[in-house]
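The values are calculated or read from the model by the stated rules, or taken from the named source; none is laboratory data. Given the structure is predicted, the values throughout are model-derived calculations rather than measurements. Virtual Cβ from ideal backbone geometry, glycine too; neighbours counted across all protein chains shown. Just the protein is used for accessible areas: all its heavy atoms, side chains included, with ligands, DNA and RNA removed. Shrake-Rupley method; radii C 1.70, N 1.55, O 1.52, S 1.80 Å.
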Amino acid sequence: MMTSHIPLLIPATFLLAALLIPLAALLWRRLSWLLAVAATGLCFFYAVKGLAHVTTAGRLHYHLAGWQPPFGIEFVLDPLSAFFSVFVTGVALLALIHAGRVVAHEVSGVDMGFYALAMLLLAGLSGMVVTGDLFNLYVFLEISALASYSLIARGDPRAPLSAFRYLTLGTTGAAFYLLGLAFVYMSVGSLNLADVSHLLPDVGDTRPVLLGLSLMVLGIGLKMALFPLHAWLADAYTHASSAATALIAPIGTKVAAYVLLRLMFFLVDPQYLRDQTPLPAIVGCLGAAGMLWGSIMAMCQKELKRMLAYSSVAQVGYIALGIGLASPLGFIGATLHALNHACMKACLFLVTGNFRVRLGHSTLPRLVDDLRRTMPWSAAAFTTAAISMVGLPPLAGFFSKWYLVLGSIQQSNWVFVAVLVASSLLNAVYFFRVLERLYLTPLAPPDDTDVAAAAATREAPASMLAPTLVLAGALLVLGIFNAWIVSTFINPMIPSRLGW
Amino acid sequence: MPVTHESVIPLLAVLAPLAAIPLILLSSRRPNLREFWTLAAAFTACGLILSLLPGVLAGRTVAYDILTISPGIALSLRVDPTGLFFAIICSSLWILTSFYSIGYVRGAGEKKQTRYFASFALCIGATLGIALSANLLSFVIFYEMLSLGTYPLVIHKETRESYRSGRMYLTYALSAGLLLIVATAWTWALAHNLDFRPGGFLGGVLADEGAARALFLLFIAGVGVKAGLMPLHSWLPAAMVAPTPVSALLHAVAVVKSGVFGVIRVAGFVFGPATMQAFGLDTILAAVAAVTIILASVIALRQDNLKKRLAFSTIGHLSYIVLGVALLSPEGFMGGLLHLANHATTKIALFFCAGAIYVNLHKTEISELDGIGKVMPWTMAAFTVGVLGLSGVPPINAFVSKFYLCKGAVSSGQLVFLAVFLASGLLNMAYFFPILHRAFFRPGGAGLHGHSEASPLMVVPIVIVAVLSLVLGLYPNALVHFFDLARGISQSVMAGAAAPLAGLAP
Amino acid sequence: MKLHQALVLLAFAAVLTMAAMQLPARGDAASPANRVFNTRGEPVAGAHYISHAEKDAATPNMVTVILADYRSFDTLGETLVVFAGGIACLFILRRLKP
Amino acid sequence: MLEIIKGYYAYFFLVAVFCIGLFGMMVKRNLMKKVMGMSMVQSAVILFWIVSAFKDGATVTVLDPARAVEDADLYLNPLPHTLMLTAIVVAVVTLGVSFALLIVIYRRYRTLEEPLLLEKMQ
């Protein structure tokens, strides 16, 4: 039966592809791209199948080498991990299809390395999602981290330094996670997530466990770019090649958010955590601060990629805010926003890639309204995603914010409500600034070379346009069918201890 | 309980303008075909809306749940008398405005006409959605769509001034939308229900006075921006940089009336008169509206730009409706509803005239209007009808609604507001009559030679709205039973019961 | 600035030290990680490996058994990290012909 | 007091190493020294785990015919040792990748001093 192997198959396929790509590239350079797309497509298919199985027939446990959980490693496809693996592989598939041309354009000559590392990145990320073992999670975390450090190191001349900073901070984050895990392991004696959560109520003195958990949250917060641990993100995303950014930005932080959800809702009793410790409140407040800070910083940027990077800091804040609410509505908001933001950010970064390939830059003041005519579809996709980011119905972004507002009001947390409102307005400010440049005649006469470049350019090729448009369409579909998504996929994953 | 029927007609009515958008965009190179889609959508939408009228008059409610958009909340449309009332006004005036628009944009040689017509269709679709929304969340969704759809129209001229106005408009509209979302979420947290109900559904659940006031203020701030309540009004005069048909239909009817309609929904169908009274919310609303009426009229006196003067007049008249609602008496409520319709026909006539003058003579300031009554007799005759109506002179329709508003003020025993209505009527005359004086009794300059009436595409709609105002003044119940509808609605809201409309059918 | 950072780190070190003192002491054979049965009476992984490794894999070195059998997937991950490092160096260091 | 020092001195020492490593990463301006700090942090965590595996009177985790495997107290806990083998490899590879990055940076800018680097990048 193939279905029961799905938890293993997803990361294993990526690993296999990573091993095959260097060999394939010896035969024919283009084969590495094809192989990467095929492997991701296959994994997406597995993930969808897994999600269907989990929704109808219950969760899948896979015991590697047949050893029972506390002794061996376990992979689990439960509603949460199945949901995340579907959209992580789905967005990655679109980003990789799009990457074909961008890689040839921006990091030509090392495409084999790019695709092999992309496969390792996805192996790591999908492994983090499916694994049920806290140490195995660390191993996958490091695989994905190493791959993303090196993917980010190629780009403009400043890329290696920003990758180095990312590496030092990311490694520190992983060290924090491992130290926290040591505290938990020494107090509980197990590494299996389900086992730990089932033994925790017996632990008399929970202080080391809570400190361990805080250290793990700190480490994951670094990976997730939770304010004020976001310093690495803007430089890393800006200087890397568009292909690498488009692949890492939408899903890297989301998987970190997934781990945070796992730790704070499944490892410990979320209600205990909320009522007895300040940890969720801290995470929520940092999220709120990040929403404001990221939005304000995004407003000041002239470079589209950098603006989007700061916007990511803000959007990660939304997820953290939902997690910090530690309530069913907060959980729904955080999960749905992870999905929505992955699609929105992917769409925006893909359009940026289109501009870079066709115009050679993505600097805001140099975009002119001729693009509206010469690249209409890219501009339309950008508009859709931008409006969704601002949170206007019926696009997807509105609904995740809606659940977050509902959750904040339910707890009478008016500060969070105010921050949500303010951050949406700030989003509007910086996204409409871009839209004005794309659609309206500029007031100051623009540089002639820019006008000529925009007028002479053509719409991006189909292999780049199709993924962009699919994502833009997905935003509308996700928005319209959000209630279905929530009731079919997200409700079953809410931990029963939260009382829903 | 009124019988509720399921029917896709309301959905089709909302979708008709929205479906026209891709067709308009696709036929951007063939202007005649493009305009055909606009007109086709306008007639379809209006026909569908009117086809619902007999059923509603007979006391049937038609509803359609499109889909669930949040657990427990559906995106749903329901044709109750209130919604239908507003939908009829919008959809029928859209037909006239479409003809007028074609004449206007071609006459004025506007650029990016495709974007203009597409945005216009989006706005109308959203407004019909607002009118027919069955619950608050659906209302919010269409409300936000409307905000977004109006933006391209406001910045249409693409000048520095229009960009500034566009940003201002967007800031106001989006902030208001967010406040409305928060208010809606709060309501859901309190009542676990968002369906509009005559007489309100918050009655039993609001206990704390502070919370009630805060929630109400959030709501009023949310809808009050579009309704031009002071001090949230300043986007409206700024938005007058838009082409005149936009000012006419959107900034005198659809957009601003959506705000006022929101006030009606919030006051009559979410809070309900009893709750409003219990927490003193009616006083807050009435005070804001009264201040707005007087201040807007005074400011209008000082405007020389014709469209700006009309804009401030609009702000004042919108608050008539709000004040009528806030009086919490059946006559006041009914007068407010009637004014919603009557102000629409009269004000749109005035804006149409302003646009015709601009396209024909390129004049925008009142001080330039000397003697144009002889050049454009039909236009200025229609203008006169509108002016007389808004000043409250019988037999124009706005007299009827003003009469009921005054009656409402008397019957609720708040004579202060009667004084406000009367004073404002005088102020209306004070800022409108000088225009007539200039147009008809001052000699025209040399610049007027060789000019005559504007194109028939513009003049005919102008005359039609003027005649409409007159007919509705003489026979308030003519054509679409506005009078019966308004009376039924106000009774049902005040009684807090199901609509006792049955039996009113002709 | 340096002083500021040092103070933050000192505070952090103090918190870590305080928490470490709540951990089982070094060498405690009865600590949750080292004992044979946990609070629910189920076998604990560490001790289980000691007593079962020889039986399960016929190898005297328990670490080897865990590494290559019980938790062999971690080891696979470990080798992949090495692989990733290799590819990464290739990707980063490769100079392109202009 | 003596009891505490005997039971916990290793933890205190490792916490100190961890924080010194962090301090180095934060304060040092030379990228190579940052890497050294990073390495200290990783080593501290690895040793922390190893300490947790220690049992008084136990021996290394290789089967000793004189000691029965049924008595788990006679052998050290093998699990942390195994895990740390993996962690050490990860640390080494991270170090390798960071060196690769430093090589690229040095090739391009001929320095590893952060202030100088930032100046040259302007």
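Would you mind listing the helices (runs of 4 or more DSSP H) fully within region B:214-306 where at least 1 residues are more than 19 Å from B:L337 (Cβ to Cβ)?
Per the criteria, B:235-238, B:273-278, B:281-301.
Would you say B:P273 is open to solvent by 10 Å² or more (accessible area, probe 1.4 Å) and either touching a residue at least 40 places away in the same chain (Cβ under 8 Å) or farther than 29 Å from B:E161 by Cα (or both)? Yes; evaluated as a whole, the condition is true for this residue.
Kindly list the number of the only condition in (1) within 15 Å of A:Y318 (Cβ to Cβ); (2) touching a helix residue (DSSP H, G or I) at 6+ places or on another chain (Cβ under 7 Å) that fails for A:N413. Only one criterion is unmet by A:N413, namely (2).
Which of the residues spanning region C:33-72 are more than 7 Å from chain D (Cβ to nearest Cβ), surrounded by 23 or more Cβ atoms within 10 Å (Cβ to Cβ) and not hydroxyl-bearing (S, T, Y)?
Result: C:V44, C:A53, C:V65.
Quick grid of which residues meet (1) touching a residue at least 24 places away in the same chain (Cβ under 8 Å); (2) open to solvent by 10 Å² or more (accessible area, probe 1.4 Å); (3) touching an Asp or Glu at 6+ places or on another chain (Cβ under 6 Å):
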position: A:S126; (1), (2), (3): yes, no, no
position: A:V139; (1), (2), (3): no, no, yes
position: A:A145; (1), (2), (3): yes, no, no
position: A:G155; (1), (2), (3): yes, yes, no
position: A:P160; (1), (2), (3): no, no, no
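All conditions but one from (1) surrounded by 18 or more Cβ atoms within 10 Å (Cβ to Cβ); (2) part of a helix (DSSP H, G or I) apply to D:I88; the one that does not is (1).
Only residues that are without any contact (Cβ under 8 Å) to a residue 60 or more places away in the chain and part of a helix (DSSP H, G or I) were counted in region B:43-77, giving 7. Based on this model, can you work out whether A:S378 counts as more than 14 Å from every other protein chain (Cβ to nearest Cβ), surrounded by fewer than 24 Cβ atoms within 10 Å (Cβ to Cβ) and within 26 Å of A:L247 (Cβ to Cβ)? For A:S378, the condition - more than 14 Å from every other protein chain (Cβ to nearest Cβ), surrounded by fewer than 24 Cβ atoms within 10 Å (Cβ to Cβ) and within 26 Å of A:L247 (Cβ to Cβ) - is not met. Would you confirm whether any residue within region D:57-67 is within 8 Å of another protein chain (Cβ to nearest Cβ), touching a helix residue (DSSP H, G or I) at 6+ places or on another chain (Cβ under 9 Å) and basic (K, R)? Scanning region D:57-67, I find no residue that is within 8 Å of another protein chain (Cβ to nearest Cβ), touching a helix residue (DSSP H, G or I) at 6+ places or on another chain (Cβ under 9 Å) and basic (K, R), so the answer is no.
None of B:L202, B:L132, B:L179 is aliphatic (A, V, I, L, M) and at the interface with another protein chain (Cβ under 9 Å from one of its Cβ atoms) except B:L179.
The helices (runs of 4 or more DSSP H) found wholly in region A:170-240 and carrying at least 1 residues that are among the hydrophobic types (A, V, I, L, M, F, W, C) and within 12 Å of chain C (Cβ to nearest Cβ) occupy A:193-199, A:207-224. Looking only at region C:17-32, residues that are under 23 Å from D:H81 (Cβ atoms) and facing chain D (nearest Cβ under 9 Å) come to 10 in all.
For region D:96-116, a residue qualifies if it is open to solvent by less than 70 Å² (accessible area, probe 1.4 Å), in a helix (DSSP H, G or I) and either under 21 Å from C:L76 (Cβ atoms) or free of Cβ contacts under 8 Å to residues at least 24 places away in the same chain (or both), and the qualifying residues are D:G96, D:V97, D:A100, D:L101, D:V104, D:Y109.
Residue-level analysis places D:T82 outside the set of residues that are without any contact (Cβ under 8 Å) to a residue 60 or more places away in the chain, of a type in the set (V, I, T), more than 7 Å from chain C (Cβ to nearest Cβ) and under 27 Å from A:L141 (Cβ atoms). Inspection of region B:140-150 identifies at least one residue that is at pLDDT 85 or above and charged (D, E, K, R).
Taken over region B:153-204, the residue count meeting the criterion of being open to solvent by less than 20 Å² (accessible area, probe 1.4 Å) and of a type in the set (D, E) is 1. Screening A:V470, A:V451 for residues that are open to solvent by 40 Å² or more (accessible area, probe 1.4 Å) and over 30 Å from B:I181 (Cα atoms) leaves exactly one candidate, A:V451. In region A:354-398, the residue that is nearest to the chain's Cα centre (by Cα) out of those that are of a type in the set (D, E, K, R) and closer than 19 Å to A:A95 by Cα is A:R356. Considering each residue of region A:413-421 in turn, none proves to be part of a loop (DSSP other than H, G, I, E, B), in contact with a Leu (Cβ under 6 Å, 6 or more places away or on another chain) and surrounded by fewer than 24 Cβ atoms within 10 Å (Cβ to Cβ).
I'd like the full set of residues that are at pLDDT below 90 and more than 7 Å from every other protein chain (Cβ to nearest Cβ), limited to region C:73-98. Those that are at pLDDT below 90 and more than 7 Å from every other protein chain (Cβ to nearest Cβ): C:R95, C:K97, C:P98. Being facing chain C (nearest Cβ under 7 Å), surrounded by 18 or more Cβ atoms within 10 Å (Cβ to Cβ), more than 30 Å from C:L90 (Cα to Cα) and not charged (D, E, K, R) holds for only one residue in D:V93, D:V51, and it is D:V51.
Would you check if there is a residue in region B:406-422 being within 24 Å of the chain's Cα centre (by Cα), buried (at least 22 other Cβ atoms within 10 Å of the Cβ) and among the basic types (K, R)? No, because not a single residue in region B:406-422 is within 24 Å of the chain's Cα centre (by Cα), buried (at least 22 other Cβ atoms within 10 Å of the Cβ) and among the basic types (K, R). If you go through region A:5-56 and keep only what is of a type in the set (F, W, Y) and assigned to a helix (DSSP H, G or I), you end up with A:F14, A:W33, A:F44, A:F45, A:Y46. Of all residues in region B:363-380, those satisfying the criterion of being within 15 Å of B:P434 (Cα to Cα) and open to solvent by 10 Å² or more (accessible area, probe 1.4 Å) are B:E365, B:S367, B:E368, B:D370.
Yes/no matrix, rows are residues, columns are (1) at the interface with chain C (Cβ under 10 Å from one of its Cβ atoms); (2) assigned to a helix (DSSP H, G or I); (3) crowded, with 16+ Cβ neighbours inside 10 Å:
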| position | (1), (2), (3) |
| --- | --- |
| D:E3 | yes, yes, no |
| D:C19 | yes, yes, yes |
| D:F23 | yes, yes, yes |
| D:M38 | no, yes, yes |
| D:V41 | no, yes, yes |
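If the condition is being within 7 Å of another protein chain (Cβ to nearest Cβ) and open to solvent by 40 Å² or more (accessible area, probe 1.4 Å), then region D:25-36 contributes only D:M26.
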